[in-house]
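Heads up: the structure comes next, in structure tokens.
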Amino acid sequence: LLLAAGKAAAYDYGDIVPQYCHSAGDWGPLPKRPDGAIALRQVQVFIRHGARTQCRADYCWSGDQQAGNFTCSLRYLENSVDNRESPLTPYFRTVYLDGRNTLPGNCLMGQLVEAGFDMEYANGRRLREAYVTGEDFLPPSLAPLSEAAIERDFTFRSSDVPRTKQSGMALVSGLYGGSPANTPFITLKTMDIAKENMLVNPRVCGATAAAGTKFFDGLPAVQSRELIGLCSQLHPAVATSAGSCFWWLQHLVDCLMSRACPTVPFSPHNATIPEQFLEDDAALLRRIWRIVDTVQFEYFKKMADVGAFGPLASEILEASDAAVGAEAGQKKKFVLYSGHDMGPMEPLYAVFGLRANPPYWPAFASMLVLEIWDTDEGPIVRWISNGEVVAGPVPYAEFRTKAEALAASASRCGAPASAQPPTAPPKEVAWVSGEGMAMSALSTSLTLALMFGLWA
């Protein structure tokens, strides 16, 4: 399945497989500095993890678990260290036993795959090309730096999910390499998933639970009919409401793409997808994509209205304000957020107007870059998405007004929910059980077997 039809005036999702799967594996070079720019002040980078296996074990179609296999070659090395970073154990190689997992094959549900690692490594190489080689903004190597110096200039942040942590490591490997003998320990900051603010999370913003129900109940009749009509045809048990139908169809997209993506190690590709999805130039697959993609983008806009992304905007603004107002040596030069399609990527597309046309759903290893530059007239900001400028350059004050309003929206969140996990999207809640990794109470060092030598 290639689905490589050209784009029409109204996007028909004909090339959605190579787009979403990131078949190219590399977004290309970042744009040169904007006209009038004198020097960089800060770079904030936001990524979706690279290609992964199917994320949830829910029903896809009859027989979906009996046909085909996911086969993963990317592995982990783990050991435990004390609070002085002294090793307490040997390294252990983690291997998922073939046939003993939720998914058919030897892969963890939602596991980052080798092609996904390579995508993020390529992102890191492009960042190095732009900000180390091109602009001489970041240091050429971390090896001479102390841990305190790295902490002063860099923040590496990830959701507490294996595939996002590994994707962040892969990006840093592309940017700087990874040689334990020469590089200081690098801190990857995270938090309990129940407190994660990159996602729509009722435990962070309590108003989102009721707002989500209201959003789906209030969908335009044509969208509600399309959702329920598709579910009545494909999975009648969830055709009870537009909301329950939407979340299952979103999962169905993952089922389909996990088997169609050339960047996901599923075999045999496409052959196990029921014919009804592929016949007539994949008309049904494209129909499902169209309604899910359109409704999902509007959903994030509505969640922004009730303050869902106010806490994240506050983090972004705190770092950018410090960069604009600080003296040299007192600002973060580089901030990384490694997350998901559902946060921070698509929410940022929605709230900052970074995606004018479909498809809105971020591809594997999508990368947003927020640059702050000095000019003679004052600092300016621009957004780069997957190698292309999508907003700006604009005066920093203009960006700040928008970001400050978004941060202030957190006041509309109300009291956080106390007993329920994040609800948007349900597929990502699978992290808590399906991707949880038992960790020692001691500090745990997670190193990928595919790390590369340190860059000069």
request  = Take residue 268 and decide whether it is farther than 27 Å from residue 406 by Cβ, touching a helix residue (DSSP H, G or I) at 6+ places or on another chain (Cβ under 8 Å) and either among the basic types (Lys, Arg) or open to solvent by 30 Å² or more (accessible area, probe 1.4 Å) (or both).
outcome  = no
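Before we move on, is residue 174 within 23 Å of residue 366 (Cβ to Cβ) and part of a helix (DSSP H, G or I)?
On the way: within 23 Å of residue 366 (Cβ to Cβ): yes; part of a helix (DSSP H, G or I): yes.
Criteria met by residue 174.
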task = Restrict the check to segment 31-38 and report whether at least one residue is modelled with pLDDT of 95 or more, surrounded by fewer than 20 Cβ atoms within 10 Å (Cβ to Cβ) and under 23 Å from the mean Cα position of the chain (by Cα).
result = yes
task = Check segment 325-347 and report whether any residue there is modelled with pLDDT of 95 or more, more than 10 Å from the chain's Cα centre (by Cα) and farther than 20 Å from residue 40 by Cβ.
result = yes
inquiry  = Going residue by residue through segment 195-212, is there one that turns out to be part of a helix (DSSP H, G or I) and in contact with a Phe, Trp or Tyr (Cβ under 6 Å, 6 or more places away or on another chain)?
reply    = no
ask   = Mind checking whether some residue in segment 156-172 is open to solvent by 50 Å² or more (accessible area, probe 1.4 Å) and either at pLDDT 95 or above or closer than 23 Å to residue 49 by Cα (or both)?
value = yes
remark   = Expected single match for closer than 25 Å to residue 363 by Cα, hydroxyl-bearing (Ser, Thr, Tyr) and either surrounded by fewer than 19 Cβ atoms within 10 Å (Cβ to Cβ) or without any contact (Cβ under 8 Å) to a residue 12 or more places away in the chain (or both) among 244, 258 is 244
request  = List every residue pair whose Cβ atoms lie under 7 Å apart, where the two residues are 6 or more positions apart in sequence or sit on different chains, the first residue falls within segment 267-287 and is of a type in the set (S, T, N, Q), and the second residue, located anywhere, is crowded, with 18+ Cβ neighbours inside 10 Å and not in a loop (DSSP other than H, G, I, E, B).
outcome  = 270/259; 270/260; 272/259; 276/284
ask   = Looking at (1) among the small types (Gly, Ala, Ser); (2) in contact with a helix residue (DSSP H, G or I) (Cβ under 6 Å, 6 or more places away or on another chain); (3) under 18 Å from residue 113 (Cα atoms), can you tell me which one residue 243 breaks?
value = (3)
ask   = Does residue 185 meet the test of being in a helix (DSSP H, G or I), open to solvent by 10 Å² or more (accessible area, probe 1.4 Å) and out of contact with any His (no Cβ under 9 Å at 6 or more places or on another chain)?
value = no
key: Test for residue 291: is it open to solvent by less than 40 Å² (accessible area, probe 1.4 Å), within 17 Å of residue 226 (Cα to Cα) and of a type in the set (A, V, I, L, M, F, W, C)   = yes
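Condition test on residue 59, is it in contact with a Leu (Cβ under 7 Å, 6 or more places away or on another chain), in a loop (DSSP other than H, G, I, E, B) and hydroxyl-bearing (Ser, Thr, Tyr)? So that I can check it myself, show each step before the final result.
Numbers: in contact with a Leu (Cβ under 7 Å, 6 or more places away or on another chain): no; in a loop (DSSP other than H, G, I, E, B): yes; hydroxyl-bearing (Ser, Thr, Tyr): yes.
When the stated conditions are applied, residue 59 does not pass them.
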query = Within segment 444-451, is even one residue surrounded by fewer than 22 Cβ atoms within 10 Å (Cβ to Cβ), under 30 Å from residue 32 (Cα atoms) and either touching a helix residue (DSSP H, G or I) at 6+ places or on another chain (Cβ under 6 Å) or at pLDDT below 95 (or both)?
reply = yes
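Residue-by-condition table, conditions (1) surrounded by 15 or more Cβ atoms within 10 Å (Cβ to Cβ); (2) in contact with a strand residue (DSSP E or B) (Cβ under 7 Å, 6 or more places away or on another chain); (3) aliphatic (A, V, I, L, M); (4) under 16 Å from residue 334 (Cα atoms):
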{"residue": "80", "(1), (2), (3), (4)": "yes, yes, no, no"}
{"residue": "87", "(1), (2), (3), (4)": "no, yes, no, no"}
{"residue": "97", "(1), (2), (3), (4)": "no, no, yes, no"}
{"residue": "104", "(1), (2), (3), (4)": "yes, yes, no, no"}
{"residue": "111", "(1), (2), (3), (4)": "yes, yes, no, no"}
{"residue": "121", "(1), (2), (3), (4)": "yes, no, no, no"}
{"residue": "128", "(1), (2), (3), (4)": "yes, no, no, yes"}
{"residue": "139", "(1), (2), (3), (4)": "yes, no, no, yes"}
{"residue": "153", "(1), (2), (3), (4)": "yes, yes, no, yes"}
query = Does at least one position in segment 205-218 carry a residue that is farther than 24 Å from residue 313 by Cβ, of a type outside the set (Ser, Thr, Tyr) and surrounded by 18 or more Cβ atoms within 10 Å (Cβ to Cβ)?
reply = yes
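Among 441, 365, 424, which is the only one that is out of contact with any Cys (no Cβ under 6 Å at 6 or more places or on another chain) and modelled with pLDDT of 95 or more? Let's see the steps before the verdict.
Details: 441 fails: modelled with pLDDT of 95 or more; 424 fails: modelled with pLDDT of 95 or more.
Among 441, 365, 424, only 365 is out of contact with any Cys (no Cβ under 6 Å at 6 or more places or on another chain) and modelled with pLDDT of 95 or more.
The values are calculated or read from the model by the stated rules, or taken from the named source; none is laboratory data. These numbers come from a predicted model, not from an experiment. No Cβ is skipped: glycine too gets one built from the backbone with ideal geometry, and neighbour counts run over all protein chains shown. With ligands, DNA and RNA removed, areas are computed over all heavy atoms of the protein, side chains included. Shrake-Rupley method; radii C 1.70, N 1.55, O 1.52, S 1.80 Å.
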